[in-house]
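Below is one structure, written out as structure tokens; comments come after it.
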Amino acid sequence: MKYLCYSCVYVLCIALCVFGIINFSHADGHLVISEKEKKIVLKGQISKALGEYESHLKGSVEYIVCGPSGKVYESIVVVDATAKEVYKAIEKLGVKPGTPSDYDEDKDETIPPTGTSFLISVEWEVDGKTKVVRADELIYNVKTNKPLPPVAWVYSGSRVIPDLDSDDEDAMIPHAFMADHIVALRQFDGSALFQNPLPESLEENIYKKNDDILPELGTSIKMTIEVNREMQLYVLISGKVQGVGFRNFTQRNANQLGINGYAKNLANGKVEVVAVGDKLYLNELIKKLWQGPRSSKVDDIIIEERAITGEFKSFGVRY
């Protein structure tokens, strides 16, 4: 009986070690999936090949992200995962592909891509600190002379093409599997998993890398791709935030972003904000709250996600 107990303990230790190794490998890999948070995290780098064909491309870029065998010389970021791996990871999040952009010959117009929208951010280390930006901030529009506005990238899954490696003559695969393109800047580029929904993206050669933000080529990065979803946030802002027009400032910015809810002064000197909207625009509102109106000084912001109540149809000021 004693030896049986020893054997059980030994087997249990081995199992725990193996489980720990498996978990460590998963967490330390080039692609980590968080089904609960509806996101994936990728490892990669700012493309070393950017500008490789400067004389021909004249600085224009076509992709935010590609895999190792994609057009790295036209992509801002090259991740270690392939487009196929990203496709499979998003499948595990329970998200199905939409449809890529198309062209209606009768109406002589482009049909925008459809699908679940995602937020994409990039982070890297600078002087021992982590810098996080929206992926679209790394791109510059030469016509507007501004970085891209906040973008929720459309997951079409790319167009489908014949699978030449299959014995089944009718077998089809996403084009992205072959092209290894993950996020396209042009709306009608069906070779990538994600498309840019902005109407401006129908124009050619208008996007270049944003040198004001972009780190050195080859810089190691982490990229987060997460589902853009509707949320309700409870926010407490502390500091010099009363008697400075903070509530009206919040209302004005919330209305511009299409966010519902309210702002209210509390007896303890803080400002309470309830904000309901897409995560894309809630993130932008939080940035604005940190800035505050000119005469304010924000010391801290506490954010709590709460269940969506459905009671807010606009954004108001409460007294």
Amide proton proximity set for I161, modelled H, under 5 Å, gap of 5+: I173, H175
Restricting segment 123-178 to GluC sites (Glu not before Pro) in coil, as DSSP defines it, with at most 11 other Cβ within 10 Å: E169
Net charge dipole size for the chain [Lys, Arg +1 and Asp, Glu -1 on Cβ; Debye, nearest 20]: 2160
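For a distance above 15 Å, tell me the whole-number percent of Cα pairs in segment 230-318 that qualify. If you can, show how the numbers build up before the last one.
Numbers: 1995 of 3916 pairs.
Of the Cα pairs, 51 percent sit more than 15 Å apart.
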Segment E52-K36, extension gain: residue separation times 0.36 nm, minus the distance between their alpha carbons: 1.8 nm
Difference of contour (0.36 nm per residue) and Cα-Cα distance, S295 to L217: 24.1 nm
E203/V126 FRET efficiency (R0 35 Å; Cβ-Cβ; nearest 0.05): 0.60
Choice from I213, I46, I33 with maximal GNM fluctuation in the chain (Cα, 10 Å cutoff): I213
Span from the segment 234-249 Cα centroid across to the segment 75-112 one, whole angstrom: 41
Note, ³J(HN,Hα) from phi for segment 289-304, Karplus 6.51, -1.76, 1.60, rounded to Hz, x at Gly and Pro: 5, 5, 6, x, x, 3, 8, 8, 8, 8, 8, 7, 9, 10, 10, 9
Nitroxide proxy distance, nm - points 7 Å out along Cα→Cβ at N145 and D106: 4.4
Hits among lysines - C-alpha to C-alpha of K208 under 24 Å, sequence gap 8 or more where chains match: K43, K48, K58, K71, K131, K143, K146, K222
The chain - mean residue ellipticity at 222 nm from DSSP helices (-39,500 (n - 2.57) per run, n ≥ 4, rounded to 500): -7000 deg cm²/dmol
Sparsely packed GluC sites (Glu not before Pro) within segment 245-319, loop by DSSP, other Cβ within 10 Å at most 11: E311
Note, ³J(HN,Hα) from phi for segment 108-120, Karplus 6.51, -1.76, 1.60, rounded to Hz, x at Gly and Pro: 6, 8, 7, 8, x, x, 10, x, 5, 8, 10, 9, 10
Segment I161-T309, length gained on full extension (0.36 nm per residue, minus Cα span): 48.9 nm
Set of lysines near K264 by C-alpha distance (under 21 Å), chain-local residues within fewer than 8 positions excluded: K240, K287, K288, K297, K313
Per-residue HN-Hα couplings for segment 225-237 [Karplus 6.51, -1.76, 1.60; θ = phi - 60°; Hz; x = Gly/Pro]: 10, 10, 5, 7, 10, 6, 9, 10, 10, 10, 10, 10, 10
Charge-dipole axis of segment 230-318 as Lys and Arg at +1 and Asp and Glu at -1 on Cβ define it, positive-most pick from T309, Y262, L233: Y262
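Quick one: plug the Kirkwood hydrodynamic radius of the chain (C-alpha pairs) into Stokes-Einstein at 4 °C, 1.567 mPa s, and report D in µm²/s.
Working: Rh = 22.2 Å.
Translational diffusion coefficient: 58 µm²/s.
Each value in this text was obtained by applying a stated rule to the coordinates, not by laboratory testing. Owing to the predicted nature of the structure, the values given are computational and were not obtained by experimental measurement. All Cβ positions, glycine included, derive from the backbone under ideal geometry; neighbour counts span all protein chains shown.
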